[in-house]
1. Does A222 fit the bill of being modelled with pLDDT of 90 or more, buried (at least 24 other Cβ atoms within 10 Å of the Cβ) and assigned to a helix (DSSP H, G or I)?
2. When you look at G213, is it modelled with pLDDT under 90 and crowded, with 21+ Cβ neighbours inside 10 Å, yes or no?
3. Please enumerate the residues belonging to the range 262-279 that are under 30 Å from S197 (Cβ atoms) and not in a loop (DSSP other than H, G, I, E, B).
4. Is it the case that R280 is in contact (Cβ under 8 Å) with a residue 24 or more places away in the chain and surrounded by fewer than 18 Cβ atoms within 10 Å (Cβ to Cβ)?
5. Is it true that some residue in the range 90-100 is among the hydrophobic types (A, V, I, L, M, F, W, C) and over 19 Å from R313 (Cα atoms)?
6. Out of curiosity, is T301 closer than 23 Å to F188 by Cα, touching a residue at least 60 places away in the same chain (Cβ under 8 Å), outside the structural domain of S43 (by TED's automatic domain parsing) and touching a helix residue (DSSP H, G or I) at 6+ places or on another chain (Cβ under 9 Å)?
7. For the range 227-242, enumerate the residues that are of a type in the set (A, V, I, L, M, F, W, C), touching a residue at least 40 places away in the same chain (Cβ under 8 Å) and within 19 Å of N179 (Cβ to Cβ).
8. What number of residues in the range 179-207 are at pLDDT below 90, out of contact with any Ser or Thr (no Cβ under 8 Å at 6 or more places or on another chain) and not in a strand (DSSP E or B)?
Amino acid sequence: MDQPTGKILPSFDSTVQTVLSGIFQTPVEPAQALDSSKMTASSTCLLAMGGIGAPALSGSLKLLIPGGTPDALASKLVNGIFDSTLELLRKGGHDASPILPALIRGEGIHSLGQPGTRPRELIEFKTPAGEIKALLELSPQAPDPEPPARAGVEPSGASREALLEFLKAAQKTMEVQFNTPIQAGSPFKKPKGPDFSFEAGSVIGVSEKHFHGYFGMFYEKATLLGLMNTLLGTGHTDLDPEIEDGASEITNICFGIAKQILNERGHQIRMALPGLVCGRKLSSIQVLDRGETTVVVPLATGHGKFWIELAYRGPA
């Protein structure tokens, strides 16, 4: 459900305009509102996507930047726009958690799936670096119940515990929902480890009192097709919006399983909305210098490969 500029989050468009004008040190014209179906890029580009979590609000912010943008400038753009959006949410009375976006580079990126009912606002700016698009999705929700106070929740082990539970959730989801056993490879931390590319994926924000970051699942085309055909009893041979949305649904299921278990132990992980990314020759990259740690676990199924990625800032 598309909205005119400023209707989802007042002053969002003018705030982004101010950030861009400051970074480029030249006035940037006001935003142009676009239909959200235009959150696409035919050439190589960089997509930054982060989950928004607050006690009575969940959502996501996506930023599409031309692929030729130097890493240092891309870092300034992503940090500036995400940080200013967080500040805007807090000024509006939302106790929003810090946002750590995932960064995806590739060709033909699109990031929507099937039309939904969540309010969306897509704005575009003409800048010296080219066209920059920002897609904001926000959805009010009932506040999460406060998890019970339990002993043994230590900041130093929170991120490791979360990664283990997300991995267990993925294994349970594949075996129960898709009747597909998975085999885990050796985890590695970025930027070390082998490069990998994918065609579809989904990212959801993970935030709690000890750390914040994101949980992502990235698929080879054959893997997602095989999983969704198994689930739906269909014979799709190519990705379409129904199959692509499956990537977000799988992430959402895994997140829900892990969140319930972790919160029962005394964590306070908030609800969030998954963000979708599809395209060609996609790679998850790390160009921001914000003290984050990113752990990747490669996984194999009978249909092909996929990868789990947990990025976080906070105690290891």
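1. On the way: modelled with pLDDT of 90 or more: yes; buried (at least 24 other Cβ atoms within 10 Å of the Cβ): no; assigned to a helix (DSSP H, G or I): yes.
Answer is no for this residue.
2. Working: modelled with pLDDT under 90: yes; crowded, with 21+ Cβ neighbours inside 10 Å: yes.
It is true that G213 is modelled with pLDDT under 90 and crowded, with 21+ Cβ neighbours inside 10 Å.
3. Here is the first cut: in the range 262-279, the residues under 30 Å from S197 (Cβ atoms) are 269, 272-279.
Answer for the range 262-279, where residues must be under 30 Å from S197 (Cβ atoms) and not in a loop (DSSP other than H, G, I, E, B): G275, L276, V277, C278, G279.
4. Values: in contact (Cβ under 8 Å) with a residue 24 or more places away in the chain: yes; surrounded by fewer than 18 Cβ atoms within 10 Å (Cβ to Cβ): yes.
So R280 passes the test.
5. Looking through the range 90-100, none of the residues is among the hydrophobic types (A, V, I, L, M, F, W, C) and over 19 Å from R313 (Cα atoms).
6. Working: closer than 23 Å to F188 by Cα: yes; touching a residue at least 60 places away in the same chain (Cβ under 8 Å): yes; outside the structural domain of S43 (by TED's automatic domain parsing): yes; touching a helix residue (DSSP H, G or I) at 6+ places or on another chain (Cβ under 9 Å): yes.
Judged against the criteria, T301 is a match.
7. L227, L231
8. 4
The values are calculated or read from the model by the stated rules, or taken from the named source; none is laboratory data. The model shown is predicted, which means the values in this text are computed figures rather than measured ones. No Cβ is skipped: glycine too gets one built from the backbone with ideal geometry, and neighbour counts run over all protein chains shown.
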